[in-house]
Each structure stands twice: as C-alpha cells, then as structure tokens.
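The values are calculated or read from the model by the stated rules, or taken from the named source; none is laboratory data. Quick caveat, the model's predicted, so the values are computed rather than measured. For neighbour counting, all protein chains shown are included, and Cβ atoms are generated from backbone atoms with ideal geometry for every residue, glycine included. We work out accessible area using only protein heavy atoms, side chains counted, and drop any ligands, DNA or RNA first. Shrake-Rupley method; radii C 1.70, N 1.55, O 1.52, S 1.80 Å.
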Amino acid sequence: MAIFTKRRHADSLLELKSAEDGLFKINHIYEPEFHQDKYVDACIETSKLEDSFQIGDEKYIAKSITRGKQPFYADNEDDPDSLFWEGMVLPDGTRLIDEDCKENVCALKSNSVRSGFIDTSLARSVTREFYEKNKDKAGVKKNDILINSTGDGTIGRVAVFNYDFPAVVDGHITIVRFKDPVLAWYVAAFLQTETGQNQIYRYINGSSGQVEIYPQDIGRIWVKPCEREKMSRIAKSFEAACKKHDDFYKDLKAALYDI
C-alpha cells in the first residue's frame with residue numbers, strides 16, 4: 001500500500017543562498033515521494049539534537065560544496081591499453097608512482113563511488129592540462145567526501161577519497177571538503193546510516209529516474225553529534241575498512257599477474 005501524507009505547499013519550497021548553476025532563488029522539490037514523514041522527520045529530529053550541525057556550516061567546511069565537471073577523457077574507452085594515470089594499480093598489484101607529475105590524472109565517475117568506498121578500477125583519465133585548469137572546481141584531495149548526486153539507483157552513495165594522488169570527479173559527484181579529516185570520515189559514515197540516507201532522499205529533485213540532489217541541499221543535512229573520542233574511533237574504523245578494500249584489489253591483481 002502506498003504511503004500517504006499531507007504537507008503544505010510552502011513546506012516544499014527551499015530558499016537558495018544564491019542563484020549558482022542557473023537555479024532559481026526558490027528551489028521547489030518536485031518528487032512527492034520524498035515528502036513522506038520518514039524523510040522529513042529525519043531532518044527535523046536530527047536538527048533538534050544538542051550540538052547537531054549542518055554539513056554546509058562554514059565553521060567546518062574548507063570550501064564551498066560543489067559538483068565536479070564533465071571530463072574530457074584522455075583515454076579511449078575501447079582501448080584498455082590507453083588507460084594510464086598516476087596512482088592506478090598496475091597488473092602486478094603496485095601503484096603507478098609519478099614523481100615528475102607528467103602522467104595523466106585519475107577521473108572518477110559516479111560508478112566509482114560505491115557505498116562506503118571508491119572503486120578506482122572503474123576510473124578513467126584526463127590530461128594534466130585538464131586537471132590543472134579544472135582542479136579548483138573538480139579536483140579532489142585526500143579526505144574529501146564524495147557523494148553521488150544524480151541518477152535513480154546511484155544517488156546517495158557516499159565514500160571518502162583516501163588517496164594521495166590527484167584526481168577529478170565528473171558533474172554527477174558532489175565534493176564536500178572539511179577542515180578536520182576526522183570529522184570528514186565521521187560525517188561520511190553518518191551519511192550512510194538510515195537517518196543520513198533519509199535526509200539525502202528528502203532533498204531529491206526530479207522524477208522518472210532523472211533525479212538529483214543539489215550541493216546547497218546537501219549542505220542542509222543535519223549531522224548527529226557525538227563525543228570526539230567516539231568520532232575518532234568511528235573515523236579510524238571506517239578508514240581502516242576502506243584500506244582493506246584497496247589492499248584486496250592490489251592483492252588480487254598481484255595474484256593473477258603470473259597466470
């Protein structure tokens with residue numbers, strides 16, 4: 001049976017801080033499914049918690065929340081041998097080290113952002129020139145939170161970029177950069193809880209599978225507070241789990257190398 005609720009039209013209107021990306025000053029959430037109580041209450045109840053904060057609070061973030069940019073790829077998708085970028089895992093399980101910074105740069109699409117980790121095996125590449133030109137908008141740094149922001153079935157997936165090599169993300173991924181790496185890992189973990197996911201879904205726009213969440217709406221999401229010690233423990237455990245996935249991929253490549 002379908003869930004039914006009544007909500008005032010005014011409650012579906014969100015004020016924007018600016019008209020960036022050609023958006024109107026009033027942002028109307030069109031998808032009625034996400035006006036249900038389970039989504040709305042996740043925002044309201046979390047906001048009532050003592051010391052809760054919104055992701056977009058300028059006190060915590062190092063830069064404005066933005067989406068990436070559609071890359072101009074340097075590789076040929078039909079030619080796997082053309083794919084080469086700094087940091088990629090080579091067939092023997094080692095990473096490509098580029099001390100001279102001359103190799104192509106990793107380009108992440110939304111399929112690379114999984115639920116909790118980044119699958120670099122699905123990455124493509126861009127030239128250094130593209131990276132240098134677009135890194136302020138689309139470039140990512142270690143400990144950046146990456147959030148899939150478009151597409152039914154992929155929207156809402158969250159991971160942390162846990163690498164030292166340079167990379168860019170496409171326009172389907174939102175970048176959230178916190179000043180504090182521990183806070184970044186904790187927030188990324190929180191966003192994967194039921195409460196975090198319900199808040200993301202609360203702000204979805206669009207319909208018929210063509211859905212998206214805008215950066216300013218990600219900034220509205222409330223985060224459940226916790227003590228610093230607990231936050232650090234969660235962050236360390238999450239980061240360690242991501243490293244295990246990365247090590248598994250490198251070990252798998254190495255195991256198959258001599259066949």
For labels at K141 and D92 in the simple 7 Å Cα→Cβ model, what's the distance in nm?
3.3 nm
With all protein chains modelled, accessible area of Y60 [1.4 Å, Å²]:
60 Å²
Using the alpha-carbon atoms, what tilt in degrees (0 to 90, nearest 10) does helix 128-138 show relative to the longest principal axis of the chain?
20 degrees
Tell me, what ³J(HN,Hα) does each residue in region 78-92 have, in order and in whole Hz, if you take phi through Karplus 6.51 cos²θ - 1.76 cosθ + 1.60 with θ = phi - 60° and put x for Gly and Pro?
8, 10, x, 5, 7, 8, 8, 8, 4, x, 5, 7, 7, x, 8
Average Cα contact separation per residue, region 73-156, under 8 Å, 6 or more apart, as relative contact order %
25 percent
In nm, to one decimal, how far is the modelled label at A254 from the one at K224, with both set 7 Å along Cα→Cβ?
3.8 nm
Residues whose placed amide H lies under 5 Å from that of V211, excluding near-sequence neighbours
G151, D152
Over the chain, what is the mean sequence separation of C-alpha contacts under 8 Å (at least six apart), divided by residue count, expressed as relative contact order in percent?
25 percent
Please compute the modelled spin-label separation between K38 and E50, points set 7 Å along Cα→Cβ, answer in nm with one decimal.
3.1 nm
With every protein chain in place, what's the accessible area of E50 (1.4 Å probe, Å², nearest 10)?
150 Å²
How far is helix 228-257 tilted, in degrees, relative to the longest principal axis of the Cα atoms in the chain, given as a value from 0 to 90 rounded to the nearest 10?
40 degrees
For R124, what accessible area in Å² do you get when you roll a 1.4 Å probe over the heavy atoms of the protein chains, rounding to the nearest 10?
30 Å²
Classify region 139-230 as rounded, prolate or oblate from the Cα gyration tensor: take a ≥ b ≥ c as the square roots of its eigenvalues, call it rounded if a/c is under 1.5, otherwise prolate when a/b beats b/c and oblate if not.
oblate
Taking a cut-off of 19 Å between Cα atoms, list the lysines near K38, but don't count ones fewer than 8 places away on the same chain.
K6, K48, K224
Expressed as a fraction of 2.2 N^0.38 Å, the rule-of-thumb size for a compact globular protein of N residues, what is the C-alpha radius of gyration of region 161-209?
1.39
Between K179 and L13, Cβ-based FRET efficiency (R0 30 Å, step 0.05) works out to 0.45
In 5 Å bins starting at 0, how do the alpha-carbon pair distances of region 110-168 split up by percent?
4, 19, 25, 28, 17, 6, 1
For region 84-110 and region 159-181, what is the separation of their C-alpha centers, rounded to whole Å?
16 Å
For K142, counting only aspartates and glutamates whose alpha-carbon sits under 16 Å away and dropping same-chain residues fewer than eight positions off, the answer is E86, D119, D164, D180, E239, D246
Size descriptor, Kirkwood hydrodynamic radius, that averages inverse alpha-carbon separations across region 18-158, Å
18.2 Å
Expected unfolding gain across N76-S232 under the 0.36 nm per residue rule, minus the alpha-carbon gap, is 52.0 nm
Nearest 10 degrees, 0 to 90: what angle lies between the long axis of helix 37-47 and the longest principal axis of the chain (Cα atoms)?
80 degrees
If a/c stays under 1.5 just call it rounded; otherwise compare a/b with b/c (prolate if a/b is bigger, oblate if not). Do that for region 189-259, with a ≥ b ≥ c from the square roots of the Cα gyration tensor eigenvalues.
oblate
Cross-link reach from K69 to aspartates and glutamates, straight Cα distance under 17 Å and at least 8 residues apart if same chain, gives E20, D21, E129, E132, D136, D144, D170, E212
Looking at this model, which pairs from K133/K253; K137/K243; K63/K109; K63/K250 are more than 28 angstrom apart at the alpha-carbon?
K133/K253; K63/K250
Contact order relative to length for region 137-233, counting C-alpha pairs under 8 Å separated by 6 or more residues, stands in percent at 29 percent
